[in-house]
1. Please state which of the following conditions residue 58 fails to meet, knowing it meets all the rest: (1) touching a helix residue (DSSP H, G or I) at 6+ places or on another chain (Cβ under 7 Å); (2) modelled with pLDDT of 90 or more.
2. Check whether at least one residue in region 209-229 is crowded, with 17+ Cβ neighbours inside 10 Å, touching a strand residue (DSSP E or B) at 6+ places or on another chain (Cβ under 9 Å), modelled with pLDDT under 85 and under 30 Å from residue 151 (Cβ atoms), and report yes or no.
3. Evaluate region 170-189: report whether one residue or more is modelled with pLDDT under 95, over 21 Å from residue 221 (Cα atoms) and out of contact with any strand residue (DSSP E or B) (no Cβ under 9 Å at 6 or more places or on another chain).
4. Out of region 117-164, which residues are out of contact with any helix residue (DSSP H, G or I) (no Cβ under 9 Å at 6 or more places or on another chain) and either in a helix (DSSP H, G or I) or surrounded by 17 or more Cβ atoms within 10 Å (Cβ to Cβ) (or both)?
5. Just to check your reading of the model, which residue among 244, 203 is on the phi > 0 side of the Ramachandran plot and surrounded by fewer than 20 Cβ atoms within 10 Å (Cβ to Cβ)?
6. Given the condition more than 12 Å from the chain's Cα centre (by Cα), in contact (Cβ under 8 Å) with a residue 40 or more places away in the chain and within 21 Å of residue 235 (Cα to Cα), answer yes or no: does some residue in region 92-104 qualify?
């Protein structure tokens, strides 16, 4: 695998709701069925990957027009085979290094504002990285994801066209895009840091492209989850077709006016929970909670 130990985080556990407990798979039989289905799907994907074009720099394969990391393809296969979404699910989508961490913090604080008051000193975001609070759909075991309490908040770097139809027909999606050149530079820096961690902790040699090589790969669409522009375009087009279900955000707009963009756009219905209002001081505080953290 090309993911270092620091990537595999321990997620924060929130108390399950009654609905979530009833919706989660129960008993050994359900778990065994999911595991068996997942195993078959991942085995089939492993066979397919051998024949796919490969980019050794990022350990990606070209699958249905996108360059996806090999371990992500296996996780994607498991999700497509076994994951069952619920109408209350919210999916946070992005290309890598496009504001994912910040979006996770914003969404987690907003969706859980009734359970975790922004003023609480023990608020999860005050003590945990947002990646500890919001899992990536394609890198977490499906049974664990299925058992999360509702409403479930999940993240993904998958293109819209590679999401299971069950998700695109049922779930709500928030996508954040970033200026391509900034995303490219950020990913290059991040990839080099990961390579250094792998070498230091495990003694592994991981490819570290020069800036010029990384730039060339990005322009050819061979960045992780790329082409970057096609990734963004798919979500933008879907946001035009289904504005009540798919929200398209721009990282730069959020930096300029976070409250204005969130309070006055479709962020409101995306994160409204049954019986919960919106627009008060508590909601503004939820959005500003992570302002003291360097995200």
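1. It is condition (1) that residue 58 fails.
2. No, the conditions are met nowhere in region 209-229.
3. Checked region 170-189: at least one residue is modelled with pLDDT under 95, over 21 Å from residue 221 (Cα atoms) and out of contact with any strand residue (DSSP E or B) (no Cβ under 9 Å at 6 or more places or on another chain).
4. Scanning region 117-164 gives 127, 144.
5. Answer to the selection: 203.
6. No, region 92-104 has no match at all.
Residues are listed down the side, and each one gets a yes or a no for (1) surrounded by fewer than 23 Cβ atoms within 10 Å (Cβ to Cβ); (2) in contact with a strand residue (DSSP E or B) (Cβ under 7 Å, 6 or more places away or on another chain); (3) not in a loop (DSSP other than H, G, I, E, B):
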position: 36; (1), (2), (3): yes, no, yes
position: 42; (1), (2), (3): yes, no, yes
position: 68; (1), (2), (3): no, yes, yes
position: 74; (1), (2), (3): yes, no, yes
position: 81; (1), (2), (3): yes, no, yes
position: 84; (1), (2), (3): yes, no, no
position: 87; (1), (2), (3): yes, no, no
position: 109; (1), (2), (3): no, no, yes
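The values are calculated or read from the model by the stated rules, or taken from the named source; none is laboratory data. Since the model is a prediction, treat every value here as computed from it, not as a measurement. Every residue, glycine among them, receives a Cβ derived from its backbone with ideal geometry; neighbour counts consider all protein chains shown.
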